[in-house]
Each structure stands twice: as structure tokens, then as C-alpha cells.
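Please treat every number below as a calculation from the coordinates, not as lab data. Just so we're clear, the structure is a prediction, and the values are computed from it rather than from any experiment. Here Cβ is always computed from backbone atoms with ideal geometry, including for glycine, and neighbour counts include all displayed protein chains.
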Amino acid sequence: MRKTRVVSGILAILLLTGCAKIIFVSERDGHSQLYRMQVNGSVQQNLSSNQYSERFPDASPDGTKCAFSSLRDGVAENIFVMDIENGSVQQLTSSANRKIRPRWSPQQDRVAYAEYPSGGQSAKIFITPSSGGGPAIQVTAPDQYHSDSLGHAFYENGTKIVFARARLVQGGSQLYFKNADGTGTAAVVPNTLAYAYYPVVSHNGSLLAYRVRGPNLAPGTPEWILIHKVGTWQKIAEFQLQPPVPALGAAIRGISFSREDDRLYVAARAAGVAGGGNDRLEIFSIKLDGTDQKRLTDNQAADYWPTAVPAP
């Protein structure tokens, strides 16, 4: 019996440390927490284990750290970095302005995030050194009618960013790109559609994926995932998620490329989940052509904002 327990413990450790993993947000503990699981949905583990709300995880390129936003400092939603294996946490930003959606640069030396001004709705994108302590650079400057708050990612070896700029009055969003050092002007990404959200770039830097939904996020409007070649911006794939995700109004909440860049991990509302109803967010895995969809989570709480851990 004792030998069996020892072997089981060793196997559990190997599963957590030696295989490809996904970090995601779950509300199964009554508030948003960071969780980790294997790419097949097994061995789900709470990484946060605290009373604070934590969101928007992004795994570092070497797979050892995770940037995320949290209310744990008691001041505002700020950006933190966690060592994935030992759980130690470093606070990266500290002002009273709300900051969300951290994204690592390919070199792992910088983190980009969206920051809201005090009492304002027009978020701007800033980039700060991932080591902490350095000054943040403001990259985008939307006017009062726009907000750069719906996702961003580095590309071209970290020299540029692609981001979603929301229209605060008219509704909807459009993808833009700009130099990551803040120089130049923002321009619309060619060949991409309007009402685009949550842009992500593959780990090898060659592909862009994002979510598209119809005008004004109208109820019953279908959602699509589109994939483009980075640089030429040629569209190479478009598809909808399959059942149990509803055909209309799927409400996708997060997209990530797999470690090998051959699949996407997508959080979407799903029918037939544990607890019933059509409003539970669950995480799915799907190939880049829209086939071989697999369900990874199934519980009574929302699971969303998945990010693939690039290395074991």
C-alpha cells in the first residue's frame, strides 16, 4: 500500500513538471484564481490559492514564469509575475491605475499591458522591463473615444505590437499595429476584419489569431476565429467552434496558441456543462483548421483566459 502511494505521488509530480501545460483562470473557488492543467485537461491545480482575484495569465517564452493581473496589493489591479514551479511572486507595477492583460516579449525582457487612467475608460498600452523597477514606456495614445484594452501581442521579434482598439461610443473593435518602442503612428492591420478582439501571435511569430463577432456584439450573432500570416497578413483559416459551443453568441473569452503552434486553446460559453445552462465558460482545444475540437474543462464554474506554457 505504501509503495503504491509513493509511486502515485511520483507520477503526479512528473505529470505536473514534465509535460506540456496550460495556465488558465477559474472561478471554481468563488473568485478568479490561476489554475494549471495538462493539455488533455487532466491534473488541474490551483496556482494562486489566495483570497484575491487574479486574471489574464500569460506564460513566459521559457515556460518558467507567468505574468498576470491581480488585486493582491490592495491598491488597484496591478501586474505581477509568478514563478510557475515554486510560486514566488514579484510585483511589476504599483500605481493606483487599473492595469490588465500582461503579455511577454519574445526575449522575455519586457511585459506589455493595458492601463486605464483614474476614472477613465480609454486604456493605453505600456511596456515595462520584466525585471521590475524600470520606467514604463507608453506605446499607444488612443483618443477619448477609443480604448486599447481588448488584447495585444508582440511580433517581429518584439519590435512591433498588434492590438485591438475598441470604439467606446459606436461599439466594436479593429486590429492595429505599431512600433513597440512607441514611435510612429498606429495603423490598421491589413486584411483583418472589423469587430476583432483578443489578438494573439504564435510562439514562432508566424501566425496571428483573433476573434470576430458581428456589429455591436448583437445577441445571436455568430463568432468566428480567424488566422492570418504575420507580416503579409494573408488570411489562411476561419472557423467557428463546434458543439457544445452554441453556433450563435459563443462569447469567446481568450485564445492561445499551443506550445507547438499547431492548435488553439479557446475559452467559450458551452451548453451541457456540469450545473446546466448555456452560460458556463469552458476551455477547448482545436486544430488550426477548426477540426478535432476537444473539451478540456467541465465544471460548475467559469474557466477562461487560457495560455499555453511554451516549455516543460
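With each run of n ≥ 4 DSSP H residues scored as -39500 (n - 2.57), what mean residue ellipticity at 222 nm is computed for the chain after dividing by its residue count and rounding to the nearest 500 deg cm²/dmol? About -1500 deg cm²/dmol. Of all aspartates and glutamates in the structure, the ones whose alpha carbon falls short of 20 Å from that of K229, not counting any fewer than 8 places away in one chain, are E156, E238, E260, D261, D262, D289.
By how many nm would the segment from C19 to A237 grow when fully extended, if each residue of separation counts as 0.36 nm and the alpha-carbon distance is taken off?
Extra length from C19 to A237 when fully extended: 75.6 nm.
Considering only P243, S32, G134, and ranking their Cα positions along the charge dipole of the chain that arises from unit charges at the beta-carbon of Lys, Arg, Asp and Glu, the one farthest toward the positive end is P243.
Counted by Cβ distance under 12 Å from A187, the other residues give a net charge of +3, where Lys and Arg count +1 and Asp and Glu count -1.
What pairs from K235/K294; K65/K99; K178/K294; K178/K235 go past 28 Å between their alpha carbons? Going by Cα-Cα distance, K178/K294 fall outside the 28 Å limit.
What the Kirkwood sum gives for region 2-309 is a hydrodynamic radius of 19.6 Å, with every pair of different alpha carbons counted. Loop-located chymotrypsin sites (Phe, Trp or Tyr not before Pro) in region 96-186 (DSSP state not H, G, I, E or B) with no more than 12 neighbouring Cβ atoms inside 10 Å: Y145. Name the long-range amide H neighbours of R280: under 5 Å, sequence gap of 5 or more, or other chain; modelled H, no Pro or chain starts. Residues meeting the criterion, in which the H sits 1.01 Å from N, are A270. Computed about the Cα centre, the dipole magnitude for the chain is approximately 280 debye when only Lys and Arg (+1) and Asp and Glu (-1) carry charge, each at its Cβ. Shape index of region 81-170: Rg/Rh, with Rg the Cα radius of gyration and Rh the Kirkwood radius from the inverse mean 1/r over Cα pairs, equals 0.99.
Report the net charge of residues surrounding L47, where surrounding means a beta-carbon distance below 12 angstrom and charges are Lys +1, Arg +1, Asp -1, Glu -1. Numbers along the way, then the final one.
On the way: positive: K21, R36, K65; negative: D29, E54, D83, E85.
Neighbourhood net charge equals -1.
Compared with the alpha-carbon gap, the fully stretched path from Y52 to K294 is longer by 84.1 nm at 0.36 nm per residue. Here the extension length gained between S95 and N204 equals 35.9 nm, from 0.36 nm per residue of separation less the Cα-Cα distance.
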